[in-house]
Amino acid sequence: MPANLIEICCKCGFVHRDDRHKPHHKQRKLHYHWMPENNEKVKEGYTLHATICASCIEPDGMVDWAEYDEQRKKTPKEYYVKTSYNAALPYKYRGKFDIMYYMQAEYFDVEL
C-alpha cells in the first residue's frame with residue numbers, strides 16, 4: 001500500500017484519510033476501494049486512492065450490510081485495518097465509479 005494516501009469519496013467528498021495532516025486522522029465511515037481501469041493517479045507524491053462511501057454506491061443511500069460484511073471478509077490481510085472500515089468494491093460495481101474518480105483526480109489540488 002502506498003505510504004502517502006488521500007482517500008476522499010468520489011461521490012460525496014467525505015474525507016476518509018488524508019496523509020498531508022499529522023497525526024494521520026482517519027474518519028470512521030464505511031467505504032470501499034478499487035483499482036480504476038486506468039490505475040490510480042499520483043499527485044505531488046500522494047496517491048489519490050479510489051474511494052467511495054458504502055452509503056454512496058446506492059441511489060437511496062442505504063448500506064447493504066450483508067454485502068459490505070462479505071466484501072470486508074474478502075479484504076486482503078495487508079489492507080485490513082480494524083478501525084479503517086474499508087472493503088473491496090463489489091465486482092458488480094467495477095467500472096461504474098471510474099469516471100467520478102477520474103474527475104475528482106483531475107481537479108483535486110494536492111497542495112495545501
>> Out of the residues in segment 1-39 meeting the condition of being at pLDDT below 90 and of a type in the set (D, E, K, R), tell me which one is surrounded by the fewest Cβ atoms within 10 Å (Cβ to Cβ).
In response: Lys22
>> Looking only at segment 73-93, filter to residues that are under 23 Å from Asp19 (Cα atoms) and surrounded by 14 or more Cβ atoms within 10 Å (Cβ to Cβ); which one of those is modelled with the lowest pLDDT?
In response: Ser84
> Does segment 52-70 include one or more residues that are closer than 18 Å to Ile6 by Cα, under 14 Å from the mean Cα position of the chain (by Cα) and of a type in the set (A, V, I, L, M)?
Replying inline: yes
> Restricting attention to segment 80-92, does a residue exist that is out of contact with any helix residue (DSSP H, G or I) (no Cβ under 6 Å at 6 or more places or on another chain) and at positive phi?
Replying inline: yes
> Among all residue pairs at least 6 apart or on different chains, which show Cβ distances below 6 Å where the first residue, located in segment 94-105, is surrounded by 16 or more Cβ atoms within 10 Å (Cβ to Cβ) and the second is of a type in the set (Val, Ile, Thr)?
Replying inline: Phe97/Ile52
> What residue, among those in segment 49-80 that are touching a residue at least 12 places away in the same chain (Cβ under 8 Å) and among the aliphatic types (A, V, I, L, M), is nearest to Phe14 (Cα to Cα)?
Replying inline: Ile52
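The values are calculated or read from the model by the stated rules, or taken from the named source; none is laboratory data. All of these numbers come straight from a predicted model, not from anything done at the bench. Because the Cβ atoms are built from the backbone with ideal geometry, glycine has one as well, and the counts that use them run over all protein chains shown.
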